[in-house]
Amino acid sequence: MIEIVDNYENYVNGLPELISKSYYKAEFFMQKLGLKHATYYRKLRLKTFTPQEVKLITTLLYPEEVFAKELQKSEEDIKAGKTIDYAEFKEKLRIKYNV
């Protein structure tokens, strides 16, 4: 358990460098996190992002991993038989959007 906490702490401490090396500008992260300029830079400097903010930043930094995880989950759902046929799906959409 201590190792997990240490790994998380190391990750959070490395976030400023990961963010600066990403292709995104600071404004992008501020907008996605819903933070003002001063708050964002204070949290970045002091490394005080909440766990939810760290999770969101991680999904923004590694979108291909999130996509791969979603694909894997979809494949597991298909293998488990958690699917519906196209006609049923189409009818649910029609009801949902009143078309």
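Here are the numbers for this structure:
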| quantity | calculated |
| --- | --- |
| Cross-chain or 6+ apart pairs with Cβ under 9 Å, segment 77-99 first and without any contact (Cβ under 8 Å) to a residue 60 or more places away in the chain, then assigned to a loop (DSSP other than H, G, I, E, B) | 77/83; 92/84; 93/99 |
| Of all residues making up segment 1-19, the number that are open to solvent by 90 Å² or more (accessible area, probe 1.4 Å) and part of a helix (DSSP H, G or I) | 7 |
| Residue 24 being free of Cβ contacts under 8 Å to residues at least 40 places away in the same chain, open to solvent by 60 Å² or more (accessible area, probe 1.4 Å) and not in a helix (DSSP H, G or I) | yes |
| Number of the exception - residue 35 against (1) open to solvent by less than 50 Å² (accessible area, probe 1.4 Å); (2) of a type outside the set (D, E, K, R); (3) assigned to a helix (DSSP H, G or I) | (3) |
| All positions within segment 39-83 that are surrounded by fewer than 10 Cβ atoms within 10 Å (Cβ to Cβ) and closer than 20 Å to residue 8 by Cβ | 45, 46, 51, 52 |
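The values are calculated or read from the model by the stated rules, or taken from the named source; none is laboratory data. Predicted model only: the values in this text are computed from it and were never measured. Glycine also receives a Cβ, built like all others from the backbone with ideal geometry; neighbour counts cover every protein chain displayed. Keep in mind that these areas ignore ligands, DNA and RNA; they rest on the heavy atoms of the full protein, side chains included. Shrake-Rupley method; radii C 1.70, N 1.55, O 1.52, S 1.80 Å.
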